[in-house]
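Some notes on the structure that comes next.
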Ligand code: SER
């Protein structure tokens, strides 16, 4: 079997950093080229092949793919939900054109696989909110959601029309300590741990009973790699898979933190992100992913909270 060589575009983001580290463990450091528009994240600095690359620069990406003999691309660069609403046309441009260009490159260079993340943001206010099924009403109202759903349709189209092996999943809010989130509506669930350790207080930009689907990064990374390594015949849908692990509200995550930091307090000042959150599912039915390729989460709110606080405490070097 030919040795796979992977290019990650957007490796400096919340998912990219950890995915690059995990893929390097499996495929070997030299076989995973990390790239981002920014300088390398501290965890990727001098830790393997790295390129400064703009996800919109098709020519530069094409040359790199040829030069490095790339066989797989993980395209993670994107403008997320909250940032997207500030400049919708820019979000559409970046999210869509980077994808279409990568899909074309996949066909042209006969890449073995492409990964492109979708999101719970594909769902909208008309979608059933509890246990949202894999196939349901899909009428997103954020530009991020519109671009993700359109992107899913393009991925399916390229698979059906050109046989391109492109895979995707709809991530819930992702919680991580190694890398920082950027521009999402679910980012509060990361900020809250930082603020609990630093200041024992957090003001949340969502209201206390806003339930959203969430997942710990360890599960998300393992799930992504399992999806990519599953035999192609198990990919019985080429739309993105629903994926779930837990659902909680700001009030519940605060209570989970209080088990470790009893004097932690939370207050609420909902802003424009409340409306985005209100249009998304409260919980997700991921039985299709479980059936097709064996997805299973490991972390729940309490185990994630214990792990987050343990690692973040070390990282921030504060003795709580
Ligand atoms: N975490 C993302 C966001 O909040 C959802 O995919 O935008």
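The values are calculated or read from the model by the stated rules, or taken from the named source; none is laboratory data. Please read all numbers here as calculations on a predicted model, not as lab measurements. Please note: Cβ atoms are built from the backbone with ideal geometry, for glycine as well, and neighbour counts cover all protein chains shown.
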Does at least one position in the range 253-269 carry a residue that is closer than 30 Å to residue 141 by Cβ, part of a loop (DSSP other than H, G, I, E, B) and away from the ligand (no atom under 15 Å from the Cβ)?
yes
Counting only residues that are away from the ligand (no atom under 16 Å from the Cβ) and surrounded by 15 or more Cβ atoms within 10 Å (Cβ to Cβ), how many does the range 142-154 have?
1
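Within the range 1-18, track down each residue that is over 19 Å from the mean Cα position of the chain (by Cα) and buried (at least 24 other Cβ atoms within 10 Å of the Cβ).
First, pick out the residues of the range 1-18 that are over 19 Å from the mean Cα position of the chain (by Cα): 1-5.
Across the range 1-18, there are no qualifying residues.
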Tell me which of these residue 43 doesn't satisfy, since it passes every other one: (1) under 23 Å from residue 101 (Cα atoms); (2) touching a helix residue (DSSP H, G or I) at 6+ places or on another chain (Cβ under 8 Å); (3) outside any helix (DSSP H, G or I); (4) touching a residue at least 24 places away in the same chain (Cβ under 8 Å).
(1)
Subset of the range 114-128 (residues that are more than 16 Å from the ligand (Cβ to nearest atom) and closer than 17 Å to residue 171 by Cβ)
114
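Table: residues versus (1) within 16 Å of the ligand (Cβ to nearest atom); (2) in a loop (DSSP other than H, G, I, E, B); (3) surrounded by fewer than 18 Cβ atoms within 10 Å (Cβ to Cβ).
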residue	(1), (2), (3)
66	no, no, yes
89	no, no, yes
92	yes, no, yes
130	no, yes, yes
140	yes, yes, no
157	no, no, yes
If you go through the range 162-178 one residue at a time, do you hit one that is free of Cβ contacts under 8 Å to residues at least 24 places away in the same chain, more than 15 Å from the ligand (Cβ to nearest atom) and in contact with a helix residue (DSSP H, G or I) (Cβ under 9 Å, 6 or more places away or on another chain)?
yes
When the residues of the range 191-206 are narrowed to those that are in contact (Cβ under 8 Å) with a residue 60 or more places away in the chain and within 16 Å of the ligand (Cβ to nearest atom), which ends up surrounded by the fewest Cβ atoms within 10 Å (Cβ to Cβ)?
205
Report whether or not residue 77 is within 16 Å of the ligand (Cβ to nearest atom) and at pLDDT 95 or above.
yes
Among 296, 315, 282, which is the only one that is at pLDDT below 95 and farther than 13 Å from residue 260 by Cβ?
315
Scanning the range 19-40 residue by residue, those crowded, with 24+ Cβ neighbours inside 10 Å and out of contact with any helix residue (DSSP H, G or I) (no Cβ under 8 Å at 6 or more places or on another chain) turn out to be 20
Taking the criterion of being assigned to a helix (DSSP H, G or I) and surrounded by fewer than 22 Cβ atoms within 10 Å (Cβ to Cβ), would at least one residue in the range 167-184 satisfy it?
no
Among the residues of the range 102-111, are any under 28 Å from residue 179 (Cα atoms), within 16 Å of the ligand (Cβ to nearest atom) and in contact with a helix residue (DSSP H, G or I) (Cβ under 8 Å, 6 or more places away or on another chain)?
no
So for the range 270-278 (the condition being more than 23 Å from residue 169 (Cα to Cα) and touching a strand residue (DSSP E or B) at 6+ places or on another chain (Cβ under 9 Å)), does at least one residue qualify?
yes
